[in-house]
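Student: Structure below; questions to follow.
The values are calculated or read from the model by the stated rules, or taken from the named source; none is laboratory data. Keep in mind the model is a prediction, meaning the values are calculated, not measured. Cβ sites come from the backbone with ideal geometry, for glycine too, and all protein chains shown count toward neighbours. Ligands, DNA and RNA are excluded from the accessible area calculation, which covers all protein heavy atoms including side chains. Shrake-Rupley method; radii C 1.70, N 1.55, O 1.52, S 1.80 Å.
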Amino acid sequence: MGALPVPLDQLISEGRLTEIPGVGDAIADIVTTLHRTGTHPTLEKLRKEIPAGVLELLTVPGLQPEKVLRLYQNLGITSLAELEAAAKEDRIKKEKGLGAALQAKILQNLDIARSGEGRIHLHRAAALLEHAKETLQRAQKDLSRITIAGDFRRGCELVADLSLVAEAPELAAGQALLHSAGLKVHLTDRKHFGATLLYATGSNKHLEELCGLAERNGMSLKPEGLRKSGTLVAASEEDIYRALGLRFIEPELREGRREIERALDGKIPKLVTDADLRGILHCHTDASDGTETLETMAGATRERGFQYFGVADHSKSAHYAGGLSVEQIQEQHREADRLNKIFGKEFRILKGIESDILADGSLDYPNELLERFDFVVASIHGRFKMDRKAQTERLLRAISNPHTTILGHMTGRQLLRRPGYEIDVEAILRACAKHGVVVEINAHPWRLDLDWRWHQTALELGCMMSINPDAHSTGELDHMHWGVEMARKGCVPADRVLNAMTLSRITQYLKYRRRRFARAA
């Protein structure tokens, strides 16, 4: 029930609980009963059967309810502390139905649970904040310019600070702060709106460095605004940055990672935007583990205004994901040819594959088959526990394969679920630059991989990037936006993004690349 801008009892009395993202009729009924009576029959039944502390165990990524129940029933574990102690004492691996693999996973994922405490995925935060904006506007019609702030506005991959800024008609002190069910609402007047938004957005380190810059120039920056020669500059963020001698610094860059220094030197490029992207690459269909046909996925991509759709279903070794046989590839290519004739010259399906990187670094399928694709996304989907040296060498071999076009989700991380595998990221980026392999920014909100903190290194080494949704349905095509957010956070300009190329240009690029590396092979 986070991010409620109005009291819960008001939502209940007005029958509006189901307007909250993720709340249906059944949950609304339970919440209503709990609110009115303080309990619920199902809750009382569960309280008798299971101690409340057992629920803590569900916060550990990958620990399913049936395993939690077994841990409680077999070992009497009722808290995270007891779970950690049991794992470290090797008691879990001895239990039937649990075992050594689960014990190792628990120890690893306890750290993930602690690091992600109180944070949620970017797309979930978006839904909560949009709902909060709409509800606040309905509840307080005198508010205007309601703007999302906090770490969501900075494009952080995990969000802890659910925060809004709103202009109120009358405020005696110019600014005020309201707290409501996990949501902060910063109220401000027109005169102070920019300063309030700046401070509500953060980060703390960026603000500290701005304050330092102000002091060095005989000014003072505080939450109420920038004092300059007796004048208060606070109405807009643009005015504040300008008064400090800076071009406007985009919110995604405000992390205290030399962005102020780079802005002073004029070295921040125009960041990529959603509108810069011309096509979508790395998508799945129902031929492997997607839910829609090639025609439906391509049509939905075209309807969104893109010029091309790059299908990249799983390869044959990915049997768990319905990897394609040679016959299925031939069938898909025939279907792509048929659809391309219908689409005409303004839109095209590009024939790709997500080829598994096998344990020895070779790609799934022989070279003569890989040559038939317009592009190849090479990705790891198994053997995550190889040591750092072996895993790095595995990736380096895949990158050196002349048929590899894009390196997919480089580290294999899943946010709040599992860490990435151990690799030498810089060595891999150097190899990508050397072999002309594009580095994927996987836009799926569970991945967002490669981490934005490595984007500048990739660009400096000479890598191209590709913002890919890894979509398995038409709705997931819209994950592209989260990839753009990560690219912006990594200070990536549009001219370094593969799928910012037009259809004619990317077609020429892929043809040239295939010819070039065919000769090398």
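Student: When you go through Asp142, Asp161 one by one, which is the residue that is touching a Phe, Trp or Tyr at 6+ places or on another chain (Cβ under 9 Å), open to solvent by 20 Å² or more (accessible area, probe 1.4 Å) and without any contact (Cβ under 8 Å) to a residue 60 or more places away in the chain?
Tutor: Values: Asp142 fails: touching a Phe, Trp or Tyr at 6+ places or on another chain (Cβ under 9 Å).
After applying the criteria, what remains is Asp161.
Student: Look through region 43-86, keep the residues that are among the charged types (D, E, K, R), closer than 17 Å to Leu98 by Cβ and open to solvent by 70 Å² or more (accessible area, probe 1.4 Å), and return whichever of them is modelled with the lowest pLDDT.
Tutor: First pass over region 43-86, keeping only residues among the charged types (D, E, K, R): 44-45, 47-49, 56, 66-67, 70, 82, 84.
Among the residues that remain, those that are also closer than 17 Å to Leu98 by Cβ are: 66-67, 70, 82, 84.
Add one more test, that the residue is open to solvent by 70 Å² or more (accessible area, probe 1.4 Å), and what stays is 66, 70, 82.
Details: Glu66: 84, Arg70: 88, Glu82: 87.
Result: Glu66.
Student: Taking region 164-186 as the search range and keeping residues that are touching a helix residue (DSSP H, G or I) at 6+ places or on another chain (Cβ under 8 Å) and modelled with pLDDT of 85 or more, which one is surrounded by the fewest Cβ atoms within 10 Å (Cβ to Cβ)? Talk me through it step by step, then tell me what you get.
Tutor: Restricting attention to region 164-186, the residues satisfying the condition of being touching a helix residue (DSSP H, G or I) at 6+ places or on another chain (Cβ under 8 Å) are 164-167, 174-175, 181, 183-186.
Narrowing further to those that are modelled with pLDDT of 85 or more: 164-167, 183-186.
On the way: Leu164: 25, Val165: 25, Ala166: 22, Glu167: 20, Leu183: 22, Lys184: 17, Val185: 23, His186: 23.
Only one residue fits best here, namely Lys184.
Student: Inside region 297-306, can you point out the residues that are open to solvent by 60 Å² or more (accessible area, probe 1.4 Å) and either among the acidic types (Asp, Glu) or closer than 14 Å to His472 by Cα (or both)?
Tutor: Matches in region 297-306: Glu303 only.
Student: Next question, about the same structure. I need every pair where a residue in region 266-279 that is open to solvent by 70 Å² or more (accessible area, probe 1.4 Å) has its Cβ under 8 Å from the Cβ of a residue that is among the aromatic types (Phe, Trp, Tyr) and not in a loop (DSSP other than H, G, I, E, B), sequence separation at least 6 or different chains.
Tutor: Arg278/Tyr308
Student: Restricting the first residue to region 379-398 and requiring it to be farther than 10 Å from Ala359 by Cα, which pairs with a second residue that is outside any helix (DSSP H, G or I) and open to solvent by 100 Å² or more (accessible area, probe 1.4 Å) meet a Cβ separation below 7 Å and a spacing of at least six or different chains?
Tutor: These pairs meet every condition: Asp387/Glu422; Arg388/Glu422.
Student: Among the listed residues Arg388, Arg397, Arg430, Arg383, identify the single one that is modelled with pLDDT under 95, open to solvent by 60 Å² or more (accessible area, probe 1.4 Å) and over 30 Å from Arg302 (Cβ atoms). I'd like the intermediate steps shown before the answer.
Tutor: Details: Arg388 fails: modelled with pLDDT under 95; Arg397 fails: modelled with pLDDT under 95; Arg430 fails: modelled with pLDDT under 95.
It is Arg383.
Student: Scan region 96-155 residue by residue and report those that are in a helix (DSSP H, G or I) and at positive phi.
Tutor: The first filter runs over region 96-155 and keeps only residues in a helix (DSSP H, G or I), leaving 99-115, 122-139, 150-153.
Result: Gly99, Gly150.
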